[in-house]
Amino acid sequence: MNVNNQWTQVLNHLEQHLGEKPDFDGILFFIGLQELGFVPEKLNKNQKLDVMHVAICTLLSNYGYYMYKGNDEEGWPHWEKTNDLPLLKPLEQERLIKEAIIGYFIADLQQPSL
């Protein structure tokens, strides 16, 4: 199955669970919250970006670009950059992240629907 078909499956899967089809940033935010393990009461703009950064680090850790170092006293995970990212054009960057998102949800996609 190609990346576009798998991406559509991810979008449909998330729409079933969230009630609406999220955009790219919404998916990163969702993954970041899952990895954070809690939902802070109020998030300012910088904290929302931090949540998305958690998602990016999580996703790219599977490719060896980041390594999880632990959580701080507030429960936020921290990552260490282990390898430089390749120089990619914007569409190549998007494809890399999409493939990582597909990999993140692959187990959910393989579950039979109830």
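The values are calculated or read from the model by the stated rules, or taken from the named source; none is laboratory data. All values derive from a computational prediction rather than experimental measurement. So basically every Cβ, Gly included, is an ideal-geometry build from the backbone, and we count neighbours across all protein chains shown. Surface accessibility is based on the protein's heavy atoms, side chains included, excluding ligands, DNA and RNA. Shrake-Rupley method; radii C 1.70, N 1.55, O 1.52, S 1.80 Å.
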**Request:** Would you mind putting 59-67, 91-99 in packing order, based on average other-beta-carbon counts within 10 Å, highest first?
**Result:** 59-67, 91-99
**Prompt:** Roughly how big is the stretch 42-103's charge dipole about its Cα centre, with Cβ charges of +1 (Lys, Arg) and -1 (Asp, Glu), in debye to the nearest 20?
**Reply:** 240
**Item:** Charged-residue dipole, Cβ positions (Lys, Arg, Asp, Glu), the chain about Cα centre, Debye nearest 20
**Value:** 240
**Asked** Calculated FRET efficiency, Glu92 and Glu15, Cβ-Cβ r, R0 30 Å, to nearest 0.05?
**Response** 0.70
**Asked** In square angstrom, what is the accessible area per residue of the chain with a 1.4 angstrom probe?
**Response** 68
**Item:** Net +/- balance of residues flanking His78 in space, Cβ distance below 13 Å, scoring K and R +1, D and E -1
**Value:** -4
**Positive minus negative residues near Leu43 (Lys, Arg vs Asp, Glu; Cβ under 15 Å)** = -2
**Fill in**
Rounded to one decimal in nm, the spacing of the 7 Å Cα→Cβ label points at Asn2 and Glu73 is 5.3
**Request:** Whenever you get a sec, compute what percent of the accessible area on the chain sits on carbon and sulfur atoms (1.4 Å probe).
**Result:** 49
**Request:** Work from the charge dipole of the chain (Cβ charges, +1 for Lys and Arg, -1 for Asp and Glu, about the Cα centre) and give the residue of Gly19, Leu60, Leu96 farthest towards its positive end.
**Result:** Leu96
